[in-house]
């Protein structure tokens with residue numbers, strides 16, 4: 001990649017995302033949640049090889065060049081199934097590709113974000129986190145003590161947000177809900193600690 005900025009000399013205009021990939025199975029429940037501690041991994045909800053080929057073809061079509069380092073970063077990012085920082089992902093990528101640096105990881109994540117394949121998250125930790133945008137929309141509960149992130153979706157919350165935006169004549173382009181506090185384990189530990 002060129003040194004012309006985080007993505008090099010080419011840019012993307014919101015393409016990508018889930019088009020061409022079927023990510024849902026059956027009816028969506030009214031509520032779901034997934035709890036991801038920093039060490040847990042999720043299985044991939046899509047065929048990774050096909051996704052990487054698709055992203056590479058979009059990069060080539062936009063005037064970019066092939067990069068083994070970038071492909072290695074993308075593969076590890078999508079396989080992680082977590083909310084990762086640049087430093088965390090760099091460590092994982094370097095296990096197999098020791099010559100890949102943090103700058104390559106950062107540029108790849110920013111490129112994936114511009115292409116619509118990744119979301120940048122700021123949970124107030126001082127470092128941005130990134131997650132794949134290929135899963136269904138969800139919101140986050142973030143533990144300020146241990147860093148646990150609980151993903152959840154609730155149709156009632158979504159309906160309320162739609163109602164509020166309609167009432168105000170507002171046309172949303174995106175939204176994010178993050179609730180900060182203490183997870184069940186940390187809250188219980190805090191209660192037992194204070195009880196002594």
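Here, each number is a calculation from the coordinates, and none is a lab measurement. Keep in mind that this is a model prediction, so the values were computed, not measured. Counting neighbours? That spans all protein chains shown, and the Cβs are built from the backbone with ideal geometry, glycine included.
Just a few scattered comments:
- This ranking places 93, 105 by how few other beta-carbon atoms lie within 10 Å of each, fewest first, which gives 93, 105.
- Region 127-185 - Rg and Dmax from Cα coordinates, angstrom: 13.7, 42
- Cα→Cβ-extended label distance, 7 Å offset, between residue 185 and residue 144, nm: 2.0 nm
- Long-range tail of P(r) for region 62-196 (Cα pairs > 28 Å, %): 34 percent
- Residues 152, 77, arranged from fewest to most other Cβ atoms within 10 angstrom of their Cβ, appear as 152, 77.
- With only Cα atoms counted, region 46-134 has Rg and Dmax values of 12.3, 36 Å.
- Residues 183, 146 arranged by fewest to most Cβ contacts within 10 Å: 146, 183
- When only Cα pairs below 8 angstrom with a gap of at least 6 residues are kept, region 46-134 shows a relative contact order of 25 percent.
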